[in-house]
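Q: Could you have a look at this structure, given as structure tokens, before my questions?
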Amino acid sequence: MALKKQKVALVSLGCPKNLVDAEVMLGHLPADRFEIITDEAKADIIIVNTCSFIKEAKEESVETILEVADFKKNGNCRKLVVSGCLPQRYQDELARELPEVDLFMGTGDAPRIVELLDADLEGERLPLAVGMADYLYDHTTPRVKSSPFYSTYVKIAEGCANHCSYCIIPQLRGTLRSRSIASVVAEVQRLVAEGVKEVNLIAQDVTAYGADREDGARLEDLLGELVKIEGLQWLRLLYAYPDGISDELIELIASEEKICKYLDVPLQHVDDSILAMMNRRVDQAAIRGLLDRLRRRIPEITLRTSFIVGFPGETESQFERLLDFVNEGHFERVGVFRYSREEGTAAAELESQVPERIKKSRYQKLMKAQKRVSFRKNRALVGNTEPVLIEGYSEETDLLLRGRSIRQAPDVDGQVYVTAGHADIGSIVALRITDSSDYDLIGEIVES
């Protein structure tokens, strides 16, 4: 008699890189033994894939674990698994503090999921199964895509060798490990054949792609092969470090129709002293030079960045320098983080830690400044006709379609609301922008 399939639900927290890890983990669960569901209350096994990049992420991870653990009392859950960055970093502490959890797995343990579950089900108690952070999936790796059928993330490298002084990532995910060009191309070809139109390339630093490989592979070479794939419509680059953006890369973005005129360039600050203490390898002059080259060669480009406020020793004048820079309006999108003092990082040992109330105040000022910039830039788009990917219906009413402009990345940017015209979900249409808000656009379909 066939064994009853075990129902598995997965909660993935944090960044898109974590989401890909979660999809790879699910892909390793054989379909004849496991059924993947979305209702945690009905799941026999619940997996929480965690983030521990900053304080807020750690708190969200722990809160989610405790919430999900309730299904062991009031649901069908028999096994609670916690995976990812949090156990990779705090395995011993978690085992002591969270007895509700049956199994802890690290960032590189996805291929072992069945082995570990079987050992646990057979009574072999393995609460701590955190291995080395050295795994890298490829085109042959099974993966259960959880993003919409028309869009996905593809991780081109794992780990990081930048060693920014505030960042714990190299300790959680190891040093840089790049996939081969052939592997990435093969995966994207398969995804496009399955209906994907938008591929978002991700890594801790996409511009470092290939630096660890002996075959001389570079990001520019990878893009040159990907744009040849028939059926791929949008190719987006996320997390491009400023010192790795070459003139050749800028030229590729400018000239290749499939590459979105969109770039996510995390800067973190613009004050030279702060940048040096962050170990960022660029100064304000280099940043301004890069922005000038990007805007001159690709006038229509949409730029996104992130900044950290309250880094140790950040003075009021240094913050004002950053605030003035944001007010200059270089970026359509800006994410702001309050510095998080992470044990094990070089910055955690620095003196002159900034009080939380000052971090909060600076965060609010920077976000308010960028809100004005975003509103102004969105207003400038009114009257333009833009390609828009239709994603579904508005949460407020099923009378309005919603989507994303080619200027908007999934999950982090605003949306477009369609007031006239109809199109199928997953289609890319021409849409005339008729109105805008701080972060969203409104328009009418002019061509299907």
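Q: Please enumerate the residues belonging to the stretch 281-303 that are in contact with a Leu (Cβ under 9 Å, 6 or more places away or on another chain) and under 12 Å from Leu263 (Cβ atoms).
A: Across the stretch 281-303, the qualifying residues are Leu291, Leu294, Arg295, Ile298, Ile301, Thr302, Leu303.
Q: Right, another one. Go through (1) at pLDDT below 95; (2) under 26 Å from Gln284 (Cβ atoms); (3) in contact with an Asp or Glu (Cβ under 9 Å, 6 or more places away or on another chain) and name the single condition Pro170 misses.
A: The one condition Pro170 does not meet is (3).
Q: Scan the stretch 318-340 and tell me whether some residue there is at pLDDT 95 or above, open to solvent by 70 Å² or more (accessible area, probe 1.4 Å) and part of a loop (DSSP other than H, G, I, E, B).
A: Yes: one or more hits.
Q: Val270 - would you say it is surrounded by 20 or more Cβ atoms within 10 Å (Cβ to Cβ), under 25 Å from the mean Cα position of the chain (by Cα) and closer than 15 Å to Leu219 by Cβ? Outline the logic, then answer.
A: Values: surrounded by 20 or more Cβ atoms within 10 Å (Cβ to Cβ): yes; under 25 Å from the mean Cα position of the chain (by Cα): yes; closer than 15 Å to Leu219 by Cβ: no.
No.
Q: Separate question: Suppose we keep only residues that are free of Cβ contacts under 8 Å to residues at least 60 places away in the same chain and open to solvent by less than 20 Å² (accessible area, probe 1.4 Å) within the stretch 419-438. Which one would you say is farthest from Glu198 (Cα to Cα)?
A: Filtering first and then ranking leaves Ile433.
Q: Which one is surrounded by the most Cβ atoms within 10 Å (Cβ to Cβ), of the residues in the stretch 164-193 that are assigned to a helix (DSSP H, G or I) and not hydrophobic (A, V, I, L, M, F, W, C)?
A: Within the stretch 164-193, the subset assigned to a helix (DSSP H, G or I) is 169-173, 181-193.
The next check asks that each one be not hydrophobic (A, V, I, L, M, F, W, C); those that pass are 170-171, 173, 183, 187, 189-190.
On the way: Pro170: 18, Gln171: 16, Arg173: 24, Ser183: 17, Glu187: 22, Gln189: 17, Arg190: 12.
Looking at residues that are assigned to a helix (DSSP H, G or I) and not hydrophobic (A, V, I, L, M, F, W, C), I get Arg173.
Q: Being hydroxyl-bearing (Ser, Thr, Tyr) and either open to solvent by less than 20 Å² (accessible area, probe 1.4 Å) or touching a His at 6+ places or on another chain (Cβ under 7 Å) (or both) is the filter here; which residues of the stretch 75-106 pass it? I'd like the intermediate steps shown before the answer.
A: Our first condition is that a residue be hydroxyl-bearing (Ser, Thr, Tyr); within the stretch 75-106, this holds for 83, 90.
Across the stretch 75-106, the qualifying residue is only Ser83.
Q: Also, I was wondering about something else. So which residues in the stretch 133-192 are of a type in the set (Phe, Trp, Tyr) and touching a Phe, Trp or Tyr at 6+ places or on another chain (Cβ under 9 Å)? Let's see the steps before the verdict.
A: Going residue by residue through the stretch 133-192, those that are of a type in the set (Phe, Trp, Tyr) are 135, 137, 149-150, 153, 166.
Across the stretch 133-192, the qualifying residue is only Tyr166.
Q: Which residues, taken from the stretch 341-368, are more than 21 Å from Asn279 (Cα to Cα) and either modelled with pLDDT under 95 or not aromatic (Phe, Trp, Tyr) (or both)? Steps first, answer last, please.
A: To start, the set of residues in the stretch 341-368 that are more than 21 Å from Asn279 (Cα to Cα) comprises 355-358, 360-368.
Result: Pro355, Glu356, Arg357, Ile358, Lys360, Ser361, Arg362, Gln364, Lys365, Leu366, Met367, Lys368.
Q: If you don't mind, another one. Has the stretch 139-146 got at least one residue that is touching a Lys or Arg at 6+ places or on another chain (Cβ under 9 Å), modelled with pLDDT of 85 or more and not in a loop (DSSP other than H, G, I, E, B)?
A: Let us first name the residues in the stretch 139-146 that are touching a Lys or Arg at 6+ places or on another chain (Cβ under 9 Å), namely 139.
Filter once more, keeping what is modelled with pLDDT of 85 or more: 139.
Checking which are not in a loop (DSSP other than H, G, I, E, B) leaves us with none.
The answer is no; no qualifying residue exists.
Q: Those residues that are at pLDDT 85 or above, out of contact with any strand residue (DSSP E or B) (no Cβ under 7 Å at 6 or more places or on another chain) and crowded, with 20+ Cβ neighbours inside 10 Å, I need them from the stretch 29-63; list them, please.
A: If the condition is that a residue be at pLDDT 85 or above, out of contact with any strand residue (DSSP E or B) (no Cβ under 7 Å at 6 or more places or on another chain) and crowded, with 20+ Cβ neighbours inside 10 Å, then no residue fits.
Q: What helices (runs of 4 or more DSSP H), lying completely within the stretch 194-301, carry at least 1 residues that are modelled with pLDDT of 95 or more and closer than 19 Å to Ile156 by Cβ? Working first, answer last.
A: Working: elements: 219-226, 247-255, 272-277, 284-297.
Per the criteria, 219-226, 247-255.
Q: Another question, then. Restricting the first residue to the stretch 165-188 and requiring it to be over 18 Å from Cys85 (Cα atoms), which pairs with a second residue that is of a type in the set (Phe, Trp, Tyr) and open to solvent by less than 10 Å² (accessible area, probe 1.4 Å) meet a Cβ separation below 7 Å and a spacing of at least six or different chains?
A: That search, which allows pairs on different chains as well, returns Ser178/Tyr209.
Q: Within 21 Å of Leu303 (Cβ to Cβ), part of a helix (DSSP H, G or I) and touching a residue at least 24 places away in the same chain (Cβ under 8 Å), is that true of Arg376?
A: Values: within 21 Å of Leu303 (Cβ to Cβ): yes; part of a helix (DSSP H, G or I): yes; touching a residue at least 24 places away in the same chain (Cβ under 8 Å): yes.
Yes; evaluated as a whole, the condition is true for this residue.
Q: Take Arg293 and tell me if it is over 16 Å from Gln318 (Cα atoms), over 25 Å from the mean Cα position of the chain (by Cα) and among the basic types (Lys, Arg). Break it down into steps so the answer makes sense when it comes.
A: Details: over 16 Å from Gln318 (Cα atoms): yes; over 25 Å from the mean Cα position of the chain (by Cα): yes; among the basic types (Lys, Arg): yes.
Yes: the conditions hold for Arg293.
Q: Could you tell me whether Val309 is among the β-branched types (Val, Ile, Thr) and surrounded by 20 or more Cβ atoms within 10 Å (Cβ to Cβ)? It would help to see each step written out before you state the result.
A: Numbers: among the β-branched types (Val, Ile, Thr): yes; surrounded by 20 or more Cβ atoms within 10 Å (Cβ to Cβ): yes.
It is true that Val309 is among the β-branched types (Val, Ile, Thr) and surrounded by 20 or more Cβ atoms within 10 Å (Cβ to Cβ).
Q: Among the listed residues Ala161, Ala208, Ala157, Ala203, identify the single one that is within 19 Å of the chain's Cα centre (by Cα), among the aliphatic types (A, V, I, L, M), within 30 Å of Ile274 (Cα to Cα) and open to solvent by 40 Å² or more (accessible area, probe 1.4 Å). Write out each step before concluding.
A: On the way: Ala208 fails: open to solvent by 40 Å² or more (accessible area, probe 1.4 Å); Ala157 fails: open to solvent by 40 Å² or more (accessible area, probe 1.4 Å); Ala203 fails: open to solvent by 40 Å² or more (accessible area, probe 1.4 Å).
The match here is Ala161.
Q: Checking Cys77 against (1) part of a helix (DSSP H, G or I); (2) farther than 24 Å from Gly344 by Cβ, only one condition comes out false. Which one?
A: Every listed condition holds for Cys77 apart from (1).
The values are calculated or read from the model by the stated rules, or taken from the named source; none is laboratory data. Bear in mind that the values here come from a model prediction, so they are computed numbers and not experimental data. Methodologically, a virtual Cβ is constructed for each residue, glycine included, from the backbone with ideal geometry; neighbour enumeration extends over all protein chains shown. For accessibility, only protein heavy atoms count, side chains too; no ligands or nucleic acids. Shrake-Rupley method; radii C 1.70, N 1.55, O 1.52, S 1.80 Å.
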